[in-house]
Amino acid sequence: MNEEKHILTMLVDNEPGVLSRVVGLFSARGYNIESLVVAPTIDPLVSRITLVTNANLPEIEQIEKQLRKLINVIKLRDLSGKNAVKREMALICVKAKPENRAEVLRIVSIFRCKVVDTGLEHYIIEVSGNEDKINAFINLLKPMGIKKIARTGALALFREPN
Amino acid sequence: MELTGAQILIKVFEEEKVDTIFGFPGGMVIDIYDKLEDTSIKHILVRHEQGAVHAADGYARASGKVGVCLVTSGPGATNTVTGIASAHMDSIPLVVITGQVPTHLIGNDAFQEVDIVGITRSCTKHNFLVKDVKDLAKVVKEAFYLARTGRPGPVLIDIPKNVSNTKAPYEAGQQVSIKSYNPTYKPNMKQLRKVVNLIDSAERPVIFAGGGIILSGAAKALTTFARTMQIPVTGSLMGLGGFPGSDPLWLGMIGMHGTYRANMSTSFCDLLIGIGVRFDDRVTGKTDAFASQAKIVHVDIDPTSIRKNVPVTIPIVGDCRSTLESLNTLIKPLDKTTLADKRKPWMDQVQKWKEQNTLAYKQTDTIKPQYVVETLYELTRGEAIITTEVGQNQMWAAQYYHFDKPNHFITSGGLGCMGFGFPAAIGAQIARPDKTVVDVAGDGSIQMNIQEMATALQYQLPVKIVILNNGYLGMVRQWQELFYDKRYASTCMNCGPDFVKLAEAYGALGLRATKPEEVIPVLEKGLSSPGTVIMDFVVAKEECVYPMVPAGAPITEMLLA
């Protein structure tokens, strides 16, 4: 059966050990985690975990059920599909020799991202958008030489009904 | 009212009507033990912490209450892990209290420190580390609530020493509410109506009953349902006793060592109603071939059990008892003769399979283990609580002791944990002092927790141990005989001990039978003696459990005796 990418978002108790329960469930049952983001919500007692996984249909059904079964998972939603806003951020440290500096800045301006740190031979660029945009951006920078990269993994929120 | 953590813990125990705790003391729980002296709660001092958990498990299964254990940090805690994992697999409600080093030492590799919450995260229903005595009462309340509601399971609470010996205000009778935890008890009626329609149109229905029937107290409702609709019933190992073993509708146990008729009926039915089961691999064999002609209805309180192993036509999330009771109000039974006519072709077929008596065995001049269990069944009139170890002894107990009532068969089904039966029998005997409790054991597995003899003697528990002694780790030997060219690698244990002398060393009665004609006298004497008894039956060394489905094969492919 075909594997598809699923983006799951869940509200969990903001307590020590909760992340470990979620991650442990994936490792114990042989599911994979492609990316994972955790931070508190507006309610300090609750955190939001956003997790991307690849799974076929029976697998994703089990994953969702198993996650819901965890006592600390308050709410879970599959945000795959179009009804959700999805964003990811990356910090990219790219080599910027004098001959490349203008080209890098041109790409930065095309992608409407920004330079957040600069040195004699590098820029650190902050880019956000959907996953495809970030991948495209990284591909364009590759020829200049990417020194380091840090990506957040996907974040998503369900679009409120109008 | 200001109380210490230890006192608060005991107050909540009293609120939860705990009457017995199984445990073993140590430095980090010494404050709790000290306060326990002031209560009427009975403490059973085991000889190994694994025994405490198995005993609490047996107690829980025999009584239907939550079993409680108390152990110290470090090795005390790690020794509980096997018992917890077994209870987790079989959905048995336990609350396990472990001591922990004081909070300021946690993470410092202190003496007898271990991250037991981390270790048991995947084998408990939930677990807690209590860092502030102010949270203790609430946590303990929640632990009991989680353990016994929904799909039951073990819950562990790790209590640092400075939490049990400092004071906090205590308020009795706090209500538990966990916003993320709301198990579904009532089934969806629309789904149930679909089931009723399926039953109406089915020609070859079978009910497959599991441990959920026992745990939810659904045996009566199941019996009514099956008898009203005249549907034959098979059971998983955990489901034995959920439907009367003496009823003509009973097919026997299903699966790897299931009866011929149960495996055939399931494989050729057109409607399989699974209730409180999880379609374990020991039941289904090759899943693609399992009940391949059937529409499957699956009732379970745990949504994750549904569609985990087999595809399901109608999933129903709900408590087994509540579901069966609702189903009983919806079914429109035909009058007796019409129903009998409708079922006749199927019942005739089932009867044909039944006539293939695959549990028959040949008597020889050595004792057959099957004969011991069968005789035990007759002498106890099927009324005893039977616990088992794991392996051949477990399967023979399941096959030849025909359980009529729930909560009478206590075995480590999911984890398959050798050393389970004897401590579980201790727990069961404490829960049911009125009952004859017998541990059906092998000579291998009884040695895994034999130290609990001292516990049985200390509390004068009349537990009877029946050892089917073949000098082998019999089930593994059986696999080696059948699938590994009889290379008996590390399965031979023919060096004793002398179990009669061992019993005597502990101050118990030891009896031995070496010939078939000695079986009845030994069982009669052992069962009628007042104290703990070991009965050592020297049985046919290379007897196999049949029928047997090789692992991964369809359950129609049975090796027969």
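Read the figures in this text as sums done on the coordinates, not as results from a lab. Remember, predicted model here, so these are calculated numbers, not experimental data. As a convention, Cβ positions derive from the backbone with ideal geometry for all residues, glycine included, and neighbour counts pool all protein chains shown.
Summary of computed values
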item: Residue among A:Thr152, A:Thr118, A:Thr53 with the largest mean-square fluctuation in a Gaussian network model of chain A, springs linking Cα atoms under 10 Å; result: A:Thr118
item: Beta bridges by DSSP in the protein assembly as shown, antiparallel share as percent, to the nearest 5; result: 40
item: DSSP bridge orientation in chain B - percent antiparallel, rounded to nearest 5; result: 10
item: Residue-averaged beta-carbon neighbours from other chains (10 angstrom radius) around A:63-76; result: 4
item: Straight-distance crosslink candidates among aspartates and glutamates, where the alpha carbon sits under 17 Å from B:Lys167 and sequence neighbours closer than 8 are dropped; result: B:Glu2, B:Asp31, B:Asp34, B:Asp132, B:Asp135
item: Mean separation of Cα contacts under 8 Å, 6 or more apart, over the residue count of the range A:1-136: relative contact order %; result: 25
item: Cα gyration tensor shape of the range B:420-493, rounded if a/c is under 1.5, else prolate or oblate by comparing a/b with b/c; result: prolate
item: Built amide H within the under 5 Å cut-off of B:Lys42, gap 5+; result: B:Thr20, B:Ile21
item: Part-to-part distance (alpha-carbon centres) for the range A:112-146 and the range B:428-459, which is given in Å; result: 69
item: Cβ-placed point charges (K, R +1; D, E -1), dipole of the range B:280-345 about Cα centre in debye, nearest 20; result: 320
item: Prolate/oblate/rounded call for the protein assembly as shown, Cα gyration tensor, a/c under 1.5 rounded; result: prolate
item: Furthest towards positive pole of dipole, B:His298, B:Leu251, B:Val373, structure part chain B, Cβ charges; result: B:His298
item: Selection of GluC sites (Glu not before Pro), the range B:30-134, meeting DSSP coil and at most 14 other Cβ within 10 Å; result: B:Glu37
item: Chain A: angle of helix A:57-69 to the longest principal axis, Cα-based, in degrees nearest 10; result: 70
item: Normalised contact order of the range B:369-538, rounded percent, pairs of Cα under 8 Å and 6 or more residues apart; result: 22
item: Check: the range B:1-113 dipole with +1 on Lys, Arg Cβ and -1 on Asp, Glu Cβ, in debye; result: 340
item: Rounded if a/c under 1.5, otherwise prolate or oblate - the range B:14-64, Cα gyration tensor axes; result: oblate
item: Loop trypsin sites (Lys or Arg not before Pro), the range B:135-214, which have at most 13 other Cβ atoms in a 10 Å radius of their Cβ (DSSP); result: B:Lys179
item: Dipole moment magnitude, nearest 20 debye, the range A:86-158 about Cα centre, only Lys, Arg, Asp, Glu C-beta charged; result: 20
item: Over 24 Å between alpha carbons, listed pairs A:Lys69/B:Lys161; B:Lys286/B:Lys362; B:Lys295/B:Lys332; B:Lys17/B:Lys125; result: A:Lys69/B:Lys161; B:Lys286/B:Lys362
item: Quarter of Cα convex hull surface for chain B, i.e. mean projection, nm²; result: 25.9
item: Positive-end extreme of charge dipole, chain B - chosen from B:Asn79, B:Thr98, B:Ser122 (charges on Cβ); result: B:Ser122
item: Amide hydrogen neighbours beyond the local backbone of B:Leu129, cut-off 5 Å, H modeled; result: B:Asp158
item: Proximal aspartates and glutamates to B:Lys354, defined as alpha-carbon separation beneath 14 angstrom and excluding residues fewer than eight positions away on the same chain; result: B:Asp247
item: Residue pairs, from the table B:Lys138/B:Lys308; B:Lys464/B:Lys515; B:Lys138/B:Lys405; B:Lys435/B:Lys501, whose Cα atoms sit over 31 Å apart; result: B:Lys138/B:Lys308; B:Lys138/B:Lys405
item: Candidate aspartates and glutamates - alpha carbon under 16 Å from B:Lys179, same-chain residues fewer than 8 apart omitted; result: A:Asp13, A:Glu15, A:Asp43, B:Glu142
item: Mean Cα-pair separation over length for the range B:2-169, i.e. relative contact order, pairs under 8 Å, 6 or more apart, %; result: 29
item: ³J(HN,Hα), Karplus 6.51/-1.76/1.60, whole Hz, each residue of the range B:312-322, x for Gly, Pro; result: 10, 6, 10, x, 10, 8, x, 5, 4, 5, 4
item: The range B:348-421: trypsin sites (Lys or Arg not before Pro) in DSSP coil with no more than 15 other Cβ atoms inside 10 Å; result: B:Lys362, B:Arg381
item: Dipole-positive endmost among A:Leu155, A:Thr118, A:Val37 within the range A:1-156 (Cβ charges, Cα centre); result: A:Thr118
